[in-house]
Amino acid sequence: MRSTAVAHPNIALVKYWGKRNVEYNIPAAGSLSVTLQGLETETHVEFDESLAHDELKLDGDPVGSGRMLDRVEDFLGLVRGYAGTTAHARVETRNNFPTGAGLASSASGFAALTVAACDAAGLDLPRREMSALARRGSGSAARSIFGGYVEMKPGEADDGSDAVAMQIAEADHWDLRCFVGVTAEGKKKVGSTEGMMHTERSSPYYEAWIDQVPRDIETARQAVRTRDFDELAEVAESSCLQMHASAIAAEPGIIYWNGATVELMKAVREQRESGLPMFFTVDAGPHVKVFCPKDHEDDVSSWLADRDDVMDVYEAVPGPGAHLVE
Ligand code: DP6
């Protein structure tokens, strides 16, 4: 009853920001992402009848209380329900990148937990069902079950059974590079769950944002299929800015950016205009993710490393979905 899984974070090019059902954690619209190798979470799960409650260790440190533990316990409760067991679990998880800093650790975290916990509990679910289960932990985790280029469907069913991700292209279909430009230290102040729910409740732009998503998905899906970098650049930056605009317009507005975030977004656009192909995207934190084609990897990497406002750079490439390891 013990298993270990590895999962990679994914970065959304068309963003998920809003839920149609909170209980089942069903997104209000689709999203489209790339699963990224280079950054990873490894999670070990062991069910043990003698445990009185679930135990969690993150990067070697026991987590005794708080929202993260509550989310993991709720999720393990779902797995126990599916598997028909009452045993609690020992969970040990490690990230090779900072947790909770807008680098999508909940995506790789819950994707790795889904694969490891299902296997440890003796559940052999098809990928589609694993994606639906991972979604209950975190919406973006449903996408990290798959590798390469991934589309999340909002579905129609009340229980979210069709709100699942699917692969639209293999990782090697298009050799893009992703650089994470770290612009601040420490954890983000408003988590994604809280941020998107506050946006839905109070932003006058929320509905317009949700209406736009299907059009952006169509454009992005086509751009991925035809490997059209310029088209993907336009739609990804626009989806990112529209998501942030909806959050900024909430009351009170949520601003995830710092000064360096804004400078970097502007500089990326200037570089693209002057012929170096790259585009940005930003999630619920101040870091800027910069994508470029593989041929321009060295130029973009040294350009980012030379900037005073970039504290650290992580590099990633399209990679595999969540999987078991020995
Ligand atoms: C800005 O998946 O973290 O990264 O479902 O509430 O856990 P929950 O939200 P989460 O939200 C991710 C938001 C985002 C955009 C994206 O990844 O699509």
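The values are calculated or read from the model by the stated rules, or taken from the named source; none is laboratory data. Keep in mind the model is a prediction, meaning the values are calculated, not measured. Quick reminder, even Gly has a Cβ in these numbers, built from the backbone with ideal geometry, and neighbours come from all protein chains shown. The protein model used for the area step is the full one, side chains on, heavy atoms only, and it has no ligands, DNA or RNA in it. Shrake-Rupley method; radii C 1.70, N 1.55, O 1.52, S 1.80 Å.
Worth a mention:
- Some residue of segment 109-127 being among the hydroxyl-bearing types (S, T, Y), in contact with a His (Cβ under 8 Å, 6 or more places away or on another chain) and buried (at least 17 other Cβ atoms within 10 Å of the Cβ): no
- Set E42, E55: member being in contact (Cβ under 8 Å) with a residue 40 or more places away in the chain, more than 16 Å from the ligand (Cβ to nearest atom) and either within 14 Å of the chain's Cα centre (by Cα) or not assigned by TED's automatic domain parsing to the domain that holds Q222 (or both): E42
- If only residues of segment 59-79 that are surrounded by fewer than 14 Cβ atoms within 10 Å (Cβ to Cβ) and not small (G, A, S) are counted, the one that is nearest to H44 (Cα to Cα) is D59.
- Residue identified as closer than 16 Å to S140 by Cβ and among the acidic types (D, E) among E73, E40, E46, E55: E40
- Number of positions in segment 237-258 that are open to solvent by less than 50 Å² (accessible area, probe 1.4 Å) and free of Cβ contacts under 8 Å to residues at least 60 places away in the same chain: 7
- When we screen V310, V268 for residues that are open to solvent by less than 30 Å² (accessible area, probe 1.4 Å) and closer than 29 Å to E42 by Cα, the only hit is V310.
Yes/no matrix, rows are residues, columns are (1) in the same structural domain as W303 (by TED's automatic domain parsing); (2) more than 16 Å from A111 (Cβ to Cβ); (3) touching a strand residue (DSSP E or B) at 6+ places or on another chain (Cβ under 9 Å):
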{"site": "S140", "(1), (2), (3)": "no, no, yes"}
{"site": "V150", "(1), (2), (3)": "no, no, yes"}
{"site": "K153", "(1), (2), (3)": "no, yes, yes"}
{"site": "E185", "(1), (2), (3)": "yes, yes, no"}
{"site": "V190", "(1), (2), (3)": "yes, yes, no"}
{"site": "H198", "(1), (2), (3)": "yes, yes, no"}
{"site": "R221", "(1), (2), (3)": "yes, yes, yes"}
{"site": "D228", "(1), (2), (3)": "yes, yes, no"}
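- Where D298 falls short, out of the listed (1) more than 30 Å from T4 (Cβ to Cβ); (2) in contact with a strand residue (DSSP E or B) (Cβ under 9 Å, 6 or more places away or on another chain); (3) open to solvent by 20 Å² or more (accessible area, probe 1.4 Å): (2)
- Residue match in segment 128-151 (condition: open to solvent by 10 Å² or more (accessible area, probe 1.4 Å), away from the ligand (no atom under 11 Å from the Cβ) and in contact with a Phe, Trp or Tyr (Cβ under 8 Å, 6 or more places away or on another chain)): no
- Taken across segment 115-127, residues that are under 16 Å from V79 (Cα atoms) and touching a Cys at 6+ places or on another chain (Cβ under 9 Å) do occur, with at least one present.
- Residues that are open to solvent by 70 Å² or more (accessible area, probe 1.4 Å), more than 28 Å from R225 (Cβ to Cβ) and out of contact with any helix residue (DSSP H, G or I) (no Cβ under 8 Å at 6 or more places or on another chain) within segment 157-212 comprise D158, D159, E185, K187, K189, E194, R201, P204, E207, listed in sequence order.
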